[in-house]
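A short worksheet on the structure shown next.
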Amino acid sequence: MSIDISSLRQAFASQRQFYDDQNFPRGFGRSGHFTLLEADILEQHGVILKGLYNKTLEPQNEFQTQFVQVVTGNLEATNPIERAWIKYLKQTTCKTKFHTLFGRSRIASPTSQSVEYYSESDSL
C-alpha cells in the first residue's frame, strides 16, 4: 500500500498546533531529538494524535484506525506520522540514563597521611 505524505496529512488534519512545553520548552525542531519532518508532523497533527492516543477522539478514517492499532501495539509503524508519534512517546515516557564522569560517592573525610617524606638521615 503506497502512502504519500499529503494523503496522510489530510487524514490527520487539525486546526490547532500541538506544543509540549513541559518536555520540549523550545519546540520540537530545536530540541535536537526530531528531524524537521518529524517536528513538523508533531506540530501540525499532534493534537489529533494525542487525542487518538488518549482515546478522547474516535478514529474517523482508516489511517486513524491504523494509528490506534500501532499505538496499542497491535501493528508496526509503517508511515512517517506513526513513526514520529512513537518517537515522541519514547522521548517523553522512557527514562534515559545519564552518564557522568564523576561518581556519586565522595570521600567521607580526608585521610591523615603520617608518612614522612624525609628520613632523619637526610640532611639539608
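A few comments on the model shown:
Each row is one residue, and each column tells you yes or no for (1) without any contact (Cβ under 8 Å) to a residue 12 or more places away in the chain; (2) of a type in the set (A, V, I, L, M); (3) under 22 Å from R30 (Cβ atoms).
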position: I48; (1), (2), (3): no, yes, no
position: G51; (1), (2), (3): yes, no, no
position: N61; (1), (2), (3): no, no, no
position: V68; (1), (2), (3): no, yes, no
position: E76; (1), (2), (3): yes, no, no
position: P80; (1), (2), (3): no, no, yes
position: R83; (1), (2), (3): no, no, yes
position: Q91; (1), (2), (3): no, no, yes
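- Counting residues in the range 88-109 that are at pLDDT below 90, under 24 Å from I5 (Cβ atoms), within 12 Å of the chain's Cα centre (by Cα) and of a type in the set (A, V, I, L, M, F, W, C) gives one or more.
- Top-ranked residue in the range 69-86 [being among the β-branched types (V, I, T) and more than 16 Å from R9 (Cα to Cα); ranked as surrounded by the fewest Cβ atoms within 10 Å (Cβ to Cβ)]: T72
- For the range 1-38, taking the residues that are surrounded by fewer than 19 Cβ atoms within 10 Å (Cβ to Cβ) and touching a His at 6+ places or on another chain (Cβ under 9 Å), the one that is farthest from T65 (Cα to Cα) is identified as F18.
The values are calculated or read from the model by the stated rules, or taken from the named source; none is laboratory data. Keep in mind the model is a prediction, meaning the values are calculated, not measured. Here Cβ is always computed from backbone atoms with ideal geometry, including for glycine, and neighbour counts include all displayed protein chains.
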